[in-house]
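Inspection log for the structure reproduced underneath, given as structure tokens.
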Amino acid sequence: MSSSSSSSSSSLPSTKLPVKPIPGDYGLHFFGPIRDRLAYFYNEGRDKFFANRIQKYQSTVFKTNMPPGPPIASCSHVICLLDAISFSVLFDASKVEKRDVLDGTFLPSLAYTGGHRVCAYLDPSEPKHTSLKSFFLSTLAARHHKFIPFFQIGLSELFNELEAQISTKKEAYFNTLSDTMSFNYVFRLFCNKNPRETKIGSQGPKLVDKWLLFQLAPLGSLGLSPKILGYFEDILLRTFSFPFFLVKSDYKKLYDVFYEFGSSVLDEAENEFGIERDEACHNLIFLAGFNAYGGMKVLFPGLIKWVALAGQTLHRRLADEIRAVIKAEGGVTLSALNKMVLAKSVIYEYLRIDPPVPFQYGKAKVDLVVESHDVAFEIKKGEMIFGYQPFATKDPKIFVNPEEFVADRFVGEEGEKLLKYVYWSNERETEDSTAENKACAGKNLVVLLCRVLLVEFFLRYDTFQVEASTFMFAPSVTFKSLTKASSST
């Protein structure tokens with residue numbers, strides 16, 4: 001409705017843009033959400049689902065339903081934001097509430113987190129959010145000196161196994177190797193212990209994978225065909241939430257090792273931030289298992305995929321830059337990494353074109369006006385707002401050739417100006433993570449690890465080829481060839 005058609009609109013923020021009704025519809029009760037869910041997963045597919053509605057409504061803001069829908073979620077209605085301008089309202093804690101919206105329109109059983117609403121489920125206005133987020137930031141800051149050396153240990157093990165498998169099998173499935181490396185790194189970082197030396201041995205990734213899968217299954221799909229199999233899958237995954245007791249024993253194993261070997265971290269939580277030890281341990285598991293390891297499951301295969309697809313010309317450019325800087329600096333240091341402008345740009349371009357966490361949700365705290373590029377919309381207090389990030393960060397009115405992977409997009413002064421439209425961390429890339437916002441606590445660590453992965457890879461190899469597809473929530477990457485470096489630094 002227009003700003004003049006309602007007396008309530010006078011209290012809304014003013015805008016110079018024309019205010020239009022939000023297009024779209026939710027359909028009939030129960031049937032509308034199922035209609036959209038089947039279109040999203042099976043009849044259209046995720047990206048086409050959004051692209052088709054942009055075309056239909058001639059708008060990047062519209063109403064629709066998001067999975068899982070009934071009967072798991074009582075309300076699946078969302079207002080969808082698909083451009084870089086409107087999307088940014090999701091970062092404004094004064095306008096949007098982040099309470100219990102991590103997974104969108106449904107909340108997995110709190111039994112999966114020991115009965116606690118962990119930090120990821122809290123809005124910044126809740127007192128516990130400040131203490132828990134501050135605890136996370138402090139824990140990471142205290143371990144900054146371990147970030148690079150611990151990761152280098154893991155990468156060396158990964159590369160050795162990668163070479164061994166290619167030598168014997170002529171190919172190597174990267175995801176499993178990456179998952180093992182990622183879990184070991186995260187556990188070493190927080191617990192200062194190789195997990196293989198604990199009672200979980202090498203089972204850490206499988207334990208966390210199962211715990212993650214049972215929470216997030218209603219949001220995923222195996223991509224089955226023909227469609228009839230997909231519809232059967234839909235009934236299986238989205239009629240009932242998976243009960244916690246199916247993974248209770250697995251989670252107990254994780255809890256026990258984090259409780260034992262993460263004692264110094266838990267001491268800090270208790271003594272410096274006033275967090276009860278049991279609650280701190282469940283939050284530590286969520287931080288390490290869901291946020292960190294769960295993110296890395298998508299992050300590293302995705303990076304390898306996009307760099308591989310970019311081809312040998314980019315590989316040569318990266319190798320030349322990396323080897324020249326390392327030779328001049330004498331090693332892999334923060335100073336050296338900061339001088340690799342192409343490598344840094346490649347990471348940001350990957351995070352732009354294929355963000356590892358593509359969804360953001362929030363509920364309007366107040367009646368508000370959301371602006372897109374050339375029109376504004378009124379959103380009422382309590383309405384769920386949903387942003388699909390891959391569309392917002394491929395906004396053609398912001399990025400030239402947005403669908404292309406442009407390795408040096410963020411090089412130079414003009415390139416760096418675009419960083420404010422890189423949103424992967426649940427915040428603009430130009431903003432810091434603080435106790436008062438919902439930005440990823442490890443956002444700087446994520447960028448650092450991606451850069452170190454590129455550096456160590458191209459110090460060791462000249463070029464490579466992969467086969468890539470998508471399975472559930474992550475890219476699936478298989479190395480088909482790997483060429484060792486023809487010259488060393």
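In vacuo Debye scattering of the range 339-489, one point per C-alpha: log10 I(q)/I(0) at q = 0.16, 0.18 Å⁻¹? Result of the Debye calculation: -1.07, -1.28. Accessible surface for the range 67-110, divided over its residues, is 30 Å² per residue with a 1.4 Å probe. Only the Cβ atoms of Lys and Arg (+1) and of Asp and Glu (-1) were treated as charged; on that basis the dipole of the chain about its Cα centre amounts to roughly 660 debye. Here's the list of aspartates and glutamates a cross-link from Lys48 could span, going by alpha-carbon distance under 19 Å and ignoring same-chain residues fewer than 8 apart: Asp25, Asp36, Asp83, Asp234, Asp354, Asp395, Glu403, Glu404.
Provide Cys75, Cys119 ordered by accessible surface of protein heavy atoms (probe 1.4 Å), highest first. Mind showing how you got there, number by number?
Values: Cys75 70, Cys119 10 Å².
If we order Cys75, Cys119 from most to least accessible, we get Cys75, Cys119.
Using the 1.4 Å probe convention, the accessible area of the range 247-369 works out to 37 Å² per residue with neighbouring protein chains retained.
Given their separation in residues at 0.36 nm each and the Cα-Cα distance between them, Lys397 and Arg35 gain 127.2 nm when the chain is fully extended. The angle between the Cα long axis of helix 227-238 and the main principal axis of the chain comes to about 90°, on a 0 to 90 degree scale. Across the options Asn160, Tyr293, Ser88, the greatest Cα extent toward the positive end of the charge dipole of the chain (unit charges at beta carbon of Lys, Arg, Asp, Glu) belongs to Asn160.
Given Lys199/Lys443; Lys170/Lys484; Lys56/Lys381, which pairs have Cα atoms separated by over 24 Å?
Working: Lys199/Lys443 31 Å; Lys170/Lys484 15 Å; Lys56/Lys381 26 Å.
Violating the 24 Å limit, Cα to Cα: Lys199/Lys443; Lys56/Lys381.
Reducing the range 219-293 and the range 324-343 to their Cα centroids gives an inter-centroid distance of 37 Å. Annotation for the range 233-312: GluC sites (Glu not before Pro) lying in DSSP loop with at most 13 further Cβ atoms inside 10 Å of their Cβ are Glu276. Separation of the range 15-39 and the range 384-457, taken as the distance between their Cα centroids, equals 28 angstrom.
Please give the Cα centre distance for the range 72-88 versus the range 116-186, rounded to the nearest Å. Using only Cα atoms to place each centre, the spacing works out to 29 Å. Taking all protein chains as they are arranged and a probe of 1.4 Å, the heavy atoms of Asp408 leave approximately 70 Å² accessible to solvent. Of all aspartates and glutamates in the structure, the ones whose alpha carbon falls short of 15 Å from that of Lys438, not counting any fewer than 8 places away in one chain, are Asp92, Glu97, Asp100, Asp103, Asp123, Glu126, Glu427, Glu429. Extension gain, Lys227 to Ala51: 0.36 nm times the residue separation minus the Cα-Cα distance gives 61.3 nm.
Distances between placed amide hydrogens fall under 5 Å for Ala474 paired with no residue 5 or more residues away or on another chain.
The listed peptides 450-458, 470-478, ordered by packing as a protection proxy, come out as 450-458, 470-478 (highest mean of other Cβ atoms within 10 Å first).
On the accessible surface of the range 19-484, probed at 1.4 Å, how many percent belong to carbon and sulfur atoms? Looking at the range 19-484 in its full context, I get 55 percent from C and S.
Counting only residues at least eight positions apart within a chain, or on another chain, the lysines with an alpha carbon under 17 Å from that of Lys417 are Lys344, Lys394, Lys397. Helix 341-353 axis versus longest C-alpha principal axis of the chain: approximately 40°, rounded to the nearest ten.
Note on the chain: helix-only mean residue ellipticity at 222 nm, from DSSP H runs of 4+ residues weighted -39500 (n - 2.57) and normalised by residue number, equals -14000 deg cm²/dmol.
Between the residues Ser264, Asn184, Val422, the greatest Cα displacement towards the positive end of the dipole of the range 19-484, with unit charges on the Cβ of Lys, Arg, Asp and Glu, is found for Asn184. The C-alpha atoms of the chain define a longest principal axis, and helix 263-273 lies at about 40 degrees to it.
The residue list Thr130, Thr393, Pro18 was ranked by how far each Cα lies along the charge dipole of the chain toward its positive end, using unit charges on Cβ atoms, and Thr393 comes out on top.
The values are calculated or read from the model by the stated rules, or taken from the named source; none is laboratory data. Every value quoted in this text rests on a predicted model; they were computed, and no experiment measured them. Using ideal geometry, Cβ is built from the backbone for each residue, glycine included, and neighbour counts are taken over all protein chains shown. These area figures cover heavy atoms from the full protein model, side chains too; ligands, DNA and RNA do not enter into them. Shrake-Rupley method; radii C 1.70, N 1.55, O 1.52, S 1.80 Å.
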